Each structure stands twice: as C-alpha cells, then as structure tokens.
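The values are calculated or read from the model by the stated rules, or taken from the named source; none is laboratory data. Everything quoted here is computed from the prediction, not taken from an experiment. Here the Cβ is made from the backbone with ideal geometry for all residues, glycine too, and neighbour counts use every protein chain on show. Ligands, DNA and RNA are stripped out before the accessible areas are found, and what is left, the full protein with its side chains, is counted by its heavy atoms. Shrake-Rupley method; radii C 1.70, N 1.55, O 1.52, S 1.80 Å.
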Amino acid sequence: MTKTVNHWIGGKTVEGTSGTYGPVTDPATGAVTTQVAFATVDEVDAAVGAAKAAYATWGTSSLAQRTAILFRFRALLDANRDAIAELITAEHGKVHSDALGEVARGLEIVELACGITTQLKGELSTQVSNRVDVSAIRQPLGVVAGITPFNFPAMVPMWMFPMAIACGNTFVLKPSEKDPSASMKVAELLAEAGLPDGVFNVVHGDKVAVDRLLEHPDVAAVSFVGSTPIARYIHTTASANGKRVQALGGAKNHMLVLPDADLDAAADAAVSAAYGSAGERCMAISAVVAVGSTGDELVAKIKERAEKIKIGPGNEPESEMGPLITAAHRDKVASYVKGATDQGAEVVLDGTGYTVPGFENGHWIGLSLLDKVPTDADAYQDEIFGPVLCVLRVDTYEEGVELINASPFGNGTAIFTRDGGAARRFQLEIEAGMVGVNVPIPVPVGYHSFGGWKDSLFGDHHIYGNDGTHFYTRGKVVTTRWPDPSEAPAGVDLGFPRNH
C-alpha cells in the first residue's frame, strides 16, 4: 500500500481532505512510493489559523524559552541526521553523503538561531534631550510562510523557520510536493523538542496552497527559494497583498579561470561544483569561462575527471552522483545537450541516454560537457538545473567579466587565479551577490547572509545571517521622558535619611 504524507497543523498530523494527491517517486527506480495530500484553501486557512492562535503567546514568550527549545531541537536534529538523509535520498535521489551535507548546512542556521539573544539586542541613547532617552527594539511580525524547492528539502526550510521562530514568529511551511517527507520529520522533531502546538505547521500542495498563502491577510511575510519566473510571481503577488517578501530565484553561475590558475585545482572544482547533486542546485557552477590559452587543457582535465564519476542509486555507498528528480526533468536536461551542436557548441561529453543496469526505469542521465558554447545558445541562456557544464572562451580578464556581468542572473560566481590583485578586482567588479576566490560554490556560512543580485533575488533581504533577523522582525523606536525623583511630590519616603 502506498504511503500517504499528510499535513502538520497545530502540533499533529492532519489527514488531507481534498481528495487530490501528488505522486512521490524514488528517482533511482522510477517507482511511485508515496502520495502527498494537496491542501485546499480551507486547509491552508486552518494552518494559518493555528499559527495565528499560537502567536498570541509565542510572540511574547521569553528568549530563554525559545532558545531552550531550539537547543533541544538542535540535539534531536543532530541525532537524526542519518534518518533525515535517508528520506532525502529516497525522494530526491541525491547520494547519502550529499544529503548528510545538506542536513549539516541546515544545522548551521539552527545553531545561529540558538544564539538569537545577541542578535535581538536593541539600541539605547540616553539624554538625547533633557531627561529624554531613545531606544530601538525589534519585534516579531506574526505569522510568516516559507515556500521551498525540491533540491534541498531539509536545508532550505532550515534557512527560514529557525530564525523566524527564534525571533518570535510562527511559521507555515509549504515544501516541495516532490519530496515532502523530510519536512514532516522536522515537524515531529520540533514537537519532541517542546515547541508549542501551532508555532510550526506544514501544508503540502500545489498552486492552490501557494496562492492562498500569498493572499492570506494573516500572513505577514513570505520567504521563497526556487526558479526565477516563480520568484518574480511570488514577489509581485505577495507584495501586492501587502506582505514582506524575500524571493530567491535561479542562477547561471560562472567560474572565471585565469591563465595563472592551478588548472588541476580548477578542474577538480569545476567537476564537483557542476556535477555534485546532479547539478540540481542554484549554486552549481554551470558555466566555466576560460581565459586565453587555458581552454584546451582545462577542458581536457575536466573531461578526464568527469568520465570517472560513479553514477548510481543514492543509497549505494560507491555512488558519487544520483538520478534527477523526475523523468520529465531528465528529458528536459537532455534536450539542451541534444540541441547543443546545432546551436554552435562542441559536445565533448554526452550524458544523454545513460542508464544504470538493474535500475533502467530510474531518472538517469550522465555527465555532459559542452565546449566553445556561444552566449546565445539555449544551454548557456537557461538555468538547466542538471549535470551539464558549459565552457566559454574569452581572450582577456576584461572580456570574461563583461560576459559574466551581461548575464541576467547574479547569484554566485568564482574566480580561479594565483594573482591577488586580479582576485581583488574581480570581487569589486563582478555583479553577483556571492563571490568565491578559488572556492567554486561560495555559499556563506550561517552567520553571513545568502542571496544574489539581479534576477536571482526579488526583495530587499538576503536569507539567514543578519538579513534573516531583520527580515523576520520590524523595528520600533521608543522615546521616553521621566520626571526626576527630586521633583516628586512630598509624601512617605522610605529612603535612607539625608543629613545634609
């Protein structure tokens, strides 16, 4: 019998009533293993209602209470790393070590939230005028929502809800319907840690659930991570409904390789950053820009390494790369490789048609490497979100920067060089929100914020770090004047007697 994933509302599992379900497949076999209930408008309203009711007390709870719960949650999360990673592998397909890495990066933000007490300290100016003090404090927003993608079903929600609830908000999560089980495990661990009912809720579904969250009058803010078209829609729609929005979109991340770079290190980095997690991550390097004479040697080194990558089911220890999330996505990724030659690129490695013996119905695709890709080719223009690496050739550093800055995306980028002066110029001149110097995937640690520029981010706030605290709180300034005790009216005085 197929397992059913239901909603989590008010501290318990709530069976879906819509009668509409989405299939959840094992990407390694192609078999449907689970069905997930899709929420109706009424069910979304019930989750928001539970969050609103919980906010009445959680929003005024002590920092000590919040952090004590988060510390217990952190311990439970740590103890259940393998169990969560297994759920991710079963529904997403990524290899177990990669899934464990995802949980570890989510833990960073939980640990950041455990220290929320220092981040919520306000400001005080005394005696700004005679007997007048001014203080600035930050307070929670109320009910906030998170809409998260399939590629990191544990990590991306943990980029949101720990900071949100630490700041005193209550949370409604709408995870991807393609791999929903990790979010339910997280909900159970939060309850076990002692989080009051209704502070964290999970509703599954499709556009019906998303649109209701975007328009619901009791939702104060919406966080989103996904593709650029949907990020733009989320930002436009939620903003029109008076909500605070952070919507992180897609990417086309470039890696500029200068002639003085260590080409072995650059090739290692390009392979891991392009093909890790089967390329299904918004910080993947999908375009290598080779400067000057580096191109031929670099492409040869990348090809040599890519051909050795072991592809197989994510739960097999020897597998280095797993399948793609769905067969439809696999076919779309393959179309970029199949059409590359006609658009002027040279296909160095063609991973289309790849299969794993014994798992022929899985969503498999091999590693593809395209060289001398024109900037107007579809494989360069679009976010492919699969194991396809494009190599572009330029003559100079300046041409490389111009090419990268011409992209509508500005999520992450990297430079590989031994020249500190060139690296410094690159940091200042490149138009992207996250920059790596000899680091291919420059995802910031938890106490620095994650976010891109241009079409990779809609809204003013990056996610987690200091921006996360600011996004999930609003400022209030209090101006105070108190009379001096010496001017108090005469009466009973229990103070120490004055002799002079």
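Listed here are the residues, each with its yes/no results for (1) aromatic (Phe, Trp, Tyr); (2) surrounded by fewer than 24 Cβ atoms within 10 Å (Cβ to Cβ); (3) in a loop (DSSP other than H, G, I, E, B).
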| residue | (1), (2), (3) |
| --- | --- |
| 133 | no, yes, no |
| 136 | no, yes, no |
| 144 | no, no, no |
| 150 | yes, yes, yes |
| 153 | no, no, yes |
| 157 | no, no, no |
| 161 | yes, no, no |
| 165 | no, no, no |
| 171 | yes, no, no |
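Counting only residues that are farther than 21 Å from residue 47 by Cβ and not charged (D, E, K, R), which one in region 200-232 is surrounded by the fewest Cβ atoms within 10 Å (Cβ to Cβ)?
That would be 229.
Return the residues of region 330-359 that are hydroxyl-bearing (Ser, Thr, Tyr) and either more than 17 Å from residue 28 (Cα to Cα) or assigned to a strand (DSSP E or B) (or both); say none if nothing qualifies.
Within region 330-359, 335, 336, 341 meet the criteria.
Under 7 Å between Cβ atoms, at least 6 apart or on separate chains: pull out the pairs that start in region 17-41 with a residue that is charged (D, E, K, R) and end on any residue that is part of a strand (DSSP E or B) and modelled with pLDDT of 95 or more.
If the second residue must be part of a strand (DSSP E or B) and modelled with pLDDT of 95 or more, the pairs left are 26/33.
For residues in region 107-116 being open to solvent by less than 60 Å² (accessible area, probe 1.4 Å) and in a helix (DSSP H, G or I), which is farthest from residue 182 (Cα to Cα)?
So, considering only residues that are open to solvent by less than 60 Å² (accessible area, probe 1.4 Å) and in a helix (DSSP H, G or I), the one farthest from residue 182 (Cα to Cα) is 116.
Go through (1) more than 30 Å from residue 364 (Cα to Cα); (2) in contact with a Lys or Arg (Cβ under 8 Å, 6 or more places away or on another chain); (3) surrounded by 21 or more Cβ atoms within 10 Å (Cβ to Cβ) and name the single condition residue 410 misses.
(1)
So, residue 445, is that one open to solvent by 50 Å² or more (accessible area, probe 1.4 Å) and in contact with a strand residue (DSSP E or B) (Cβ under 7 Å, 6 or more places away or on another chain) or not?
So residue 445 does not fit the description; no.
Identify, please: which residue in region 233-268 is under 18 Å from residue 463 (Cα atoms) and touching a helix residue (DSSP H, G or I) at 6+ places or on another chain (Cβ under 6 Å) and is, among those, surrounded by the fewest Cβ atoms within 10 Å (Cβ to Cβ)?
Applying the filter and picking the extreme gives 250.
Of everything in region 300-315 that's surrounded by 15 or more Cβ atoms within 10 Å (Cβ to Cβ) and free of Cβ contacts under 8 Å to residues at least 40 places away in the same chain, which residue is nearest to the chain's Cα centre (by Cα)?
Out of the qualifying residues, it is 305.
Which of the strands (runs of 3 or more DSSP E) contained wholly in region 360-417 include at least 2 residues that are under 25 Å from the mean Cα position of the chain (by Cα) and in contact (Cβ under 8 Å) with a residue 24 or more places away in the chain?
Where strands (runs of 3 or more DSSP E) fall fully within region 360-417 and carry at least 2 residues being under 25 Å from the mean Cα position of the chain (by Cα) and in contact (Cβ under 8 Å) with a residue 24 or more places away in the chain, they are 388-394, 412-416.
Does residue 138 satisfy being on the phi < 0 side of the Ramachandran plot and either without any contact (Cβ under 8 Å) to a residue 60 or more places away in the chain or not hydroxyl-bearing (Ser, Thr, Tyr) (or both)?
The answer is yes for residue 138.
How about region 1-106: which strands (runs of 3 or more DSSP E) wholly inside it have at least 2 residues that are at pLDDT 95 or above, touching a Lys or Arg at 6+ places or on another chain (Cβ under 9 Å) and buried (at least 18 other Cβ atoms within 10 Å of the Cβ)?
21-25, 32-37
Tally up the residues in region 365-385 that are more than 25 Å from residue 355 (Cα to Cα) and small (Gly, Ala, Ser), please.
Residues meeting the conditions: 1.
Could you please let me know if residue 191 is of a type in the set (A, V, I, L, M), within 20 Å of residue 434 (Cα to Cα) and in a helix (DSSP H, G or I)?
In short, no.
Cβ-Cβ below 7 Å, separation at least six or inter-chain, first residue in region 272-289 and on the phi > 0 side of the Ramachandran plot, second open to solvent by 10 Å² or more (accessible area, probe 1.4 Å) and in a helix (DSSP H, G or I): which pairs?
Pairs found: 277/98.
Does region 173-186 hold any residues that are in contact with a Phe, Trp or Tyr (Cβ under 9 Å, 6 or more places away or on another chain) and surrounded by fewer than 23 Cβ atoms within 10 Å (Cβ to Cβ), and which are they?
Scanning region 173-186 gives 177, 178, 184.
Can you name the residue in region 357-385 that is within 21 Å of residue 434 (Cβ to Cβ) and touching a strand residue (DSSP E or B) at 6+ places or on another chain (Cβ under 8 Å) and is also surrounded by the most Cβ atoms within 10 Å (Cβ to Cβ) among such residues?
Across region 357-385, the extreme among qualifying residues is 384.
Going residue by residue through region 290-299, is there one that turns out to be within 20 Å of residue 443 (Cβ to Cβ), buried (at least 17 other Cβ atoms within 10 Å of the Cβ) and either touching a residue at least 12 places away in the same chain (Cβ under 8 Å) or out of contact with any Asp or Glu (no Cβ under 9 Å at 6 or more places or on another chain) (or both)?
Within region 290-299, not a single residue is within 20 Å of residue 443 (Cβ to Cβ), buried (at least 17 other Cβ atoms within 10 Å of the Cβ) and either touching a residue at least 12 places away in the same chain (Cβ under 8 Å) or out of contact with any Asp or Glu (no Cβ under 9 Å at 6 or more places or on another chain) (or both).
Name the residues in region 175-201 that are more than 27 Å from residue 445 (Cβ to Cβ) and within 19 Å of the chain's Cα centre (by Cα), would you?
177, 178, 180, 181, 184, 201
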